Amino acid sequence: MRIRLWPRRLAAQMALLLAIALFVAQAISFTLLLRERRSLLLEQISGPAIARLNDSIERSTNGRLPPPDRGRVRRAASNPIAPGLPRVTEVETLIREGLVESGHPVVRVLTGVRPFHPEDFDWPRRRFDRRRQHPVDELLIAVQQKTGGWLVTRSIWPRDGLYLVWRLIAQTLILYGIILLPVLWIGRRISRPLRDLTRAAEGFDPREKGEPIPEQGPLDVSALIAAFNALRLRIGAMLEEKDRMLGAIGHDLRTPLAALRVRIESVEDDQDRLRMADTIAEMNKTLEDILSLARVGRPSEMETDVDLNALVDAVVADFHDLGQDVTFEEGGRLRLKLRPSLMRRAVRNLIENAVKYGYVADVRIDPQPDHIAIIVADQGPGIAPDQLEAVFDPFIRLESSRNRDTGGIGLGLALARSIVREAGGDIRLTNRPEGGLAATITLPR
């Protein structure tokens, strides 16, 4: 019995979902942070630049023109922005608006980003060293006046680097360590009772009482475990009650059948007496098959080491004593741990069906590295392909396809398959290409 529960990996699934949620939240937060950072950067660059340009324009009005080769604001005769340099339109807009508000309308405002040249900046050494800690570029800001001249100032423009991405990754890993590890630990504690319940359900064997599962975990989980423990006890009690009932039924039915067998001896007509005896024998066999099928799940016989060749040979010998056409290719010793009486019953049912409906039975054992196959082949008409599995159902008889001439209630194959499956194997039926049916018992080594 295989039962698969998704909470078997509950802790990992919870951690994965939380990790994805944290990463999405971090990405959104980082995007908003970048937007705020860029807005602040634009204000930090445009504000001082507007102040410097306003001061320079006012000085120019008073006849004090800025020098062309030094100072924070320099004078240029032509456009100093080289073609092809990346522009920052946000800075251009802010500076233009700031100059207009100050009463200094200009013709054009242009910007250009180029590699940083520290020798062009008249800053103290300490301030320059602080700026040099992160990779930066130089932002040129050029303003064309109505007189035709240009005023040029410079500013630091932070270079877009991978350090921001690494910062996001580092923050995310820190969050994972603070949040995910405790969640993973809590999830494992919650899912451990579910894993124990899954293993107990997969390994459930009604023949063994087993230890109850500790009722741990959250309230719903502990209630589920308690219900499973109670269910296992009820199943065991029902099976024990079934065994007692079957024993009582077998005793109550065998006694009147034995009494009938004694009473028919007083019947004078030999033909009637023989028919009655056959009917009673058939009833006894039917009763035995029904009881055996019902008890397969809880056999009283212990498993022992059995020589499979000797077991099959003994069953074939019984059919030889009855004059049946049964052949067996005897091989070497094959030791398996089986319940010998039940396995003999399964092999006997297959051989009996082969002889009854297929005229002969050819029995052989095919040992393989991982399993052993017992093959019983006949020379009958076979079975329709769509009925190869249906014949294993109890009380199924295929008289039209198997040309049955005698009785039986359709329990032989059902009982044989139940015995073999209880031993860990299986039975399958196949139509032989040369004619007839092959019943194969497969037992694991």
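For the stretch 104-157, name all the residues that are of a type in the set (A, V, I, L, M), part of a strand (DSSP E or B) and at pLDDT 80 or above.
VAL109, LEU110, VAL113, LEU139, LEU140, ILE141, ALA142, VAL143, LEU151, VAL152, ILE156
Yes/no per residue for (1) touching a residue at least 12 places away in the same chain (Cβ under 8 Å); (2) within 21 Å of ILE213 (Cα to Cα); (3) among the polar types (S, T, N, Q):
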residue	(1), (2), (3)
ALA227	no, yes, no
ARG234	no, yes, no
LEU253	yes, no, no
GLU265	no, no, no
GLN271	no, no, yes
ARG275	no, no, no
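Quick one: would you say ARG192 is modelled with pLDDT under 75 and open to solvent by 40 Å² or more (accessible area, probe 1.4 Å)?
No: the conditions fail for ARG192.
Please count how many residues of the stretch 252-278 are among the polar types (S, T, N, Q) and surrounded by 14 or more Cβ atoms within 10 Å (Cβ to Cβ).
0
Report, by residue number, each residue of the stretch 368-386 that is open to solvent by 20 Å² or more (accessible area, probe 1.4 Å) and either not acidic (Asp, Glu) or not in a loop (DSSP other than H, G, I, E, B) (or both).
Within the stretch 368-386, GLN368, PRO369, HIS371, ILE375, GLN379, PRO381, ALA384, PRO385, ASP386 meet the criteria.
Any idea which residue in the stretch 349-361 is most open to solvent (accessible area, probe 1.4 Å), counting only those that are in a helix (DSSP H, G or I) and either at pLDDT 90 or above or among the hydrophobic types (A, V, I, L, M, F, W, C) (or both)?
VAL355
Restricting to the stretch 430-445, give me the number of residues that are part of a strand (DSSP E or B) and more than 15 Å from ARG364 (Cα to Cα).
3
Scan the stretch 199-222 and give yes if some residue there is surrounded by 15 or more Cβ atoms within 10 Å (Cβ to Cβ), touching a residue at least 60 places away in the same chain (Cβ under 8 Å) and not basic (Lys, Arg), otherwise no.
Yes, that holds for at least one residue.
Looking at ARG345, ARG364, ARG333, which one is assigned to a helix (DSSP H, G or I) and surrounded by fewer than 23 Cβ atoms within 10 Å (Cβ to Cβ)?
ARG345
Go through the stretch 54-85 and report how many residues are of a type in the set (A, V, I, L, M, F, W, C) and in a helix (DSSP H, G or I).
1
The values are calculated or read from the model by the stated rules, or taken from the named source; none is laboratory data. Values in this document were obtained by computation on a predicted structure and should not be read as measured data. Don't worry about glycine lacking a Cβ; one is built from the backbone with ideal geometry, like all the others, and counts go over all protein chains shown. Ligands, DNA and RNA are stripped out before the accessible areas are found, and what is left, the full protein with its side chains, is counted by its heavy atoms. Shrake-Rupley method; radii C 1.70, N 1.55, O 1.52, S 1.80 Å.
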